[in-house]
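Visitor: Structure below; questions to follow.
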Amino acid sequence: MSGQQIQTRIWQEIPEPDNPFATQQARCHGYDVYGEMLGQARWVEMLYLLFRGEAPSADQATMLETLAVALINPGPRDPSVHAAMCGGVGGSTAASCLIAALAAGAGQYTGAREVFEAMELWCSCRTDIDQWRAALTAPFRQTADMWPTMEHAPGFDPHGASTSNVVKQTLEHLAQRASMGPLYWLYKQRSTLESFVDCPLAMSGVAAAVFFELGFSAQEGEMLYLLLRLPGAAAHALEQRQLGHKAFPFFGLELNDATEDAT
């Protein structure tokens, strides 16, 4: 197997002269990570560089950082965070808690796959309101064998009565830095889009618009959405581990005697 190398355009490592398994210099898309970026680059700039292959502008970095703050903790009522909390209160390992959060937060309702589907709509419709009307009112089609057909418009909350305040605050703040782009268009057309599906815009819809405006693909947006929501899940899992199972709000159960049922 000698001579085989991992193929990647993202990362280059130069080994130490006396140890081929130790790194002397590491470059990310040509940037010297430890020699040039440490102390200079923000975390979101490194994140953008890893996925997009180029350094972001100041506005792009700020937009991604704003979204990261908005997504960092979906809250204990979110399925992904609640799954991590269950792992924490049950004494599961750190990795198990995070895997539980990823699994519960990967789906088509408030999850990363919903962001993927919403970004696919952005790629098709862009800022054409007629195309959005046609796409949102047509029956949704299955896009992959492993996923069931969407039961609601991706990026919208099928159980919501009105647009939540945090969604409106996030969208408004982001739209201020995105003059005439997809985000600004979404901010202006939100009510119209909501009328097409009779559902309010969800945070997943805002995230999809941000990722699209920043140039990420649907696959990249799906991955980033999973990643950016993990810190809240981790913090809540650790908190519940400390509080213990007696303080955890399990759902009430009523048990029947099987022998009585049989008679």
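Visitor: Report yes if Ala112 is in the same structural domain as Ser195 (by TED's automatic domain parsing), touching a Cys at 6+ places or on another chain (Cβ under 7 Å), on the phi < 0 side of the Ramachandran plot and aliphatic (A, V, I, L, M), otherwise no.
Guide: On the way: in the same structural domain as Ser195 (by TED's automatic domain parsing): yes; touching a Cys at 6+ places or on another chain (Cβ under 7 Å): no; on the phi < 0 side of the Ramachandran plot: yes; aliphatic (A, V, I, L, M): yes.
No, not satisfied.
Visitor: Being more than 19 Å from Leu121 (Cα to Cα), in contact (Cβ under 8 Å) with a residue 12 or more places away in the chain and in contact with a Ser or Thr (Cβ under 9 Å, 6 or more places away or on another chain) is the requirement here; does Leu186 meet it?
Guide: Details: more than 19 Å from Leu121 (Cα to Cα): no; in contact (Cβ under 8 Å) with a residue 12 or more places away in the chain: yes; in contact with a Ser or Thr (Cβ under 9 Å, 6 or more places away or on another chain): yes.
When the stated conditions are applied, Leu186 does not pass them.
Visitor: For the range 11-55, which positions are closer than 26 Å to Ala70 by Cβ and of a type in the set (Lys, Arg)?
Guide: Step one: filter the range 11-55 for residues closer than 26 Å to Ala70 by Cβ, giving 28, 37, 40-55.
Of everything in the range 11-55, those that are closer than 26 Å to Ala70 by Cβ and of a type in the set (Lys, Arg) turn out to be Arg42, Arg52.
Visitor: Right, something else. Would you check if there is a residue in the range 42-53 being outside the structural domain of Leu102 (by TED's automatic domain parsing), over 24 Å from the mean Cα position of the chain (by Cα), in a loop (DSSP other than H, G, I, E, B) and not aromatic (Phe, Trp, Tyr)? Can you show your working first?
Guide: Of the residues in the range 42-53, the ones outside the structural domain of Leu102 (by TED's automatic domain parsing) are 42-53.
Now restrict to residues that are over 24 Å from the mean Cα position of the chain (by Cα): none.
Within the range 42-53, not a single residue is outside the structural domain of Leu102 (by TED's automatic domain parsing), over 24 Å from the mean Cα position of the chain (by Cα), in a loop (DSSP other than H, G, I, E, B) and not aromatic (Phe, Trp, Tyr).
Visitor: Here's another thing I want to ask about it. Taking the options Phe212, Phe216, name whichever one is at pLDDT 95 or above, assigned to a loop (DSSP other than H, G, I, E, B), of a type outside the set (Asp, Glu) and in the same structural domain as Gly155 (by TED's automatic domain parsing).
Guide: Numbers: Phe212 fails: assigned to a loop (DSSP other than H, G, I, E, B).
Residue meeting the stated conditions: Phe216.
Visitor: Among the residues of the range 223-235, count how many are surrounded by 24 or more Cβ atoms within 10 Å (Cβ to Cβ) and assigned to a helix (DSSP H, G or I).
Guide: Restricting attention to the range 223-235, the residues satisfying the condition of being surrounded by 24 or more Cβ atoms within 10 Å (Cβ to Cβ) are 224-225, 229, 233.
Then keep just the ones that are assigned to a helix (DSSP H, G or I); that gives 224-225, 233.
Of the residues in the range 223-235, 3 are surrounded by 24 or more Cβ atoms within 10 Å (Cβ to Cβ) and assigned to a helix (DSSP H, G or I).
The values are calculated or read from the model by the stated rules, or taken from the named source; none is laboratory data. Since the model is a prediction, treat every value here as computed from it, not as a measurement. Because the Cβ atoms are built from the backbone with ideal geometry, glycine has one as well, and the counts that use them run over all protein chains shown.
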